[in-house]
Amino acid sequence: MTITLRKRLLALLAPAVLVYASGAGADDIKLPDMGSPADAVLSKSEENRFGRAIMAEIRRSGQVVEDPVVNEYINEIGHRLAAQVNDGDHSFEFFVIKDERINAFALPGGYIGVHTGLLEATRNEDELAGVLAHEIAHVTQRHIARSIHANQRQSLVSTALMLGALVAGVAGAGSDVVQAGMAVSQGTAVQSQINFTRSHEYEADRIGIAALNDAGFDPHGMASFFEVMARLQPASPELRAPEFLRTHPVTTARIAEASSRAQAYPRRMSSDSIGYGIARARTAVERFGTPDAAVAYFERRDYDKQTDVERYGRAFAYQRAGRSLEANRIFQELVDKNPAVIAYYIGLGETQIDLEDYAAGSATFERAVELFPRNVPLIIEYGEHLLRLGQAERAHQLLLDLMNNVPPTPEQVRLIARAANEAGDAAESLYYMSEYQLMTGDLVGGIRYLQRALALPELQEIQRIRFEARINFIRDYMSEEQLRQMQSATRAQSLVSNAN
């Protein structure tokens, strides 16, 4: 872990980290539950701050999958499961990491990551749900805080540095970077203090299996995936095991216990949702080195023998390979057959625009917006195409309506900043860019964008009041170092202005 990474983590952890305007800082003023020994070392508000700081670093790594269709699906499944075990004190955000290694992980504060390798390794939706349910249980049972509490000598600073080293591993950094970070934070022994104990793993299995059943999934899904992982266990210790096995050791006894617990619930013969197949198809296409390789993969079976999901993957591969006409024909067929699937409309509208049939493409997207208002992947994809077509005001309108009702990702905020800028609304564009900086942990950068907006001659009075109030709000959450950094930048800016 580099010095820069360590500094950023420590800066982000002082005394709070903002996420988005609508709910920033809310967790940091909430009193922790009384009576939990874990709170003595890591309160819930501190867990949230750790999680936000780590998540900001992961986003900076560029490894987070920004595909809105995949993100919509993983969050839909995750929140469906979390609703069964959440006591109301936890918020969750599910995301996907571009990494072919088979793994999933839970961070403090309810951030749960899934590798694309794990998504593709699951054989059905119940197995994927089993993994997510297990990670959700780690969060609700506060296993990270309880692990740290097991060693009272563990300080918050050393924990921050150690978690930062784990960030480097999650983001795909080399083992030497990870080990350097671990050395900074009390050596590799510290890592064992955060690893979940065997009792934590069994507790997460028990609670996760109940959540699977209550959410309508097959409760045997967790044990089923454990069996898949057990078969990947290398016979020789010198051979590298999948990441999942290194962080979630799977034994014969654990598989047997998970199977036994599942027997207490009725067996469900559930079928995979279309969303599961579409998410896997999209990640599979992106995994290949070239679009032609993805096309070859989805052309392995005759078209007439393929399922709708396989045909979708084929069309998506054609689209990525620039074969828009072939893709368009398949998307049209899929929409006609099942008009309830949003991803089919997105594919159809995109390929119509790619074929320069702009009227048809816009009509397809507008029809879909009427059928599925405020659907995140639909509005994001349509917004990007509207910008391509020079319709920035319509894009800004749709994106603003969406983000006033659905918490956006940093990349989505950056998209609306672009839309506002191209629509000629410079002040709002700078405001959105300020929010983007805050969401990625750069409080000083966030204030700088607001200061630039305040300097615009065409600024309206209501905007000035709003931007100044936002700056004052952010300052309340800045560390002394961040305040000094901001003051130095302001003085430098004044000197430049006076010189001119």
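Would you order Thr440, Thr364, Thr122 from fewest to most other beta-carbon atoms within 10 Å of each residue's own beta-carbon?
Exposure proxy ranking, most exposed first: Thr440, Thr122, Thr364.
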The summed charge of the Asp302 Cβ neighbourhood (under 13 Å; Lys/Arg +1, Asp/Glu -1) stands at +2
Dipole magnitude of segment 274-499, debye to nearest 20 (Cβ charges: Lys/Arg +1, Asp/Glu -1, about Cα centre): 520 debye
Would you mind counting up the charge near Ile330? Only other residues with Cβ under 9 Å from its Cβ, with Lys and Arg at +1 and Asp and Glu at -1. +1
Calculate one ³J(HN,Hα) per residue across segment 130-137 by plugging θ = phi - 60° into the Karplus curve 6.51 cos²θ - 1.76 cosθ + 1.60, and present them in order as whole Hz with x for glycine and proline. x, 5, 4, 4, 4, 5, 4, 5
Cα centroid separation, segment 53-118 to segment 296-344 (Å): 27 Å
Going fewest to most other Cβ atoms within 10 Å around each Cβ, Ile465, Ile416, Ile207 line up as Ile465, Ile207, Ile416
Can you give me the Cα centroid spacing of segment 381-451 and segment 210-228 in angstrom? 39 Å
The exposure ranking of Lys305, Lys44, Lys98, Lys337, fewest beta-carbon neighbours within 10 Å first, is Lys305, Lys337, Lys98, Lys44
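Taken together, the values in this text are just the output of simple stated rules run on the coordinates, not laboratory data. Nothing here was measured: the structure is a model prediction, and the numbers come from that model. A quick note on method: Cβ atoms are made from the backbone with ideal geometry, for glycine too, and the neighbour counts reach across all protein chains shown.
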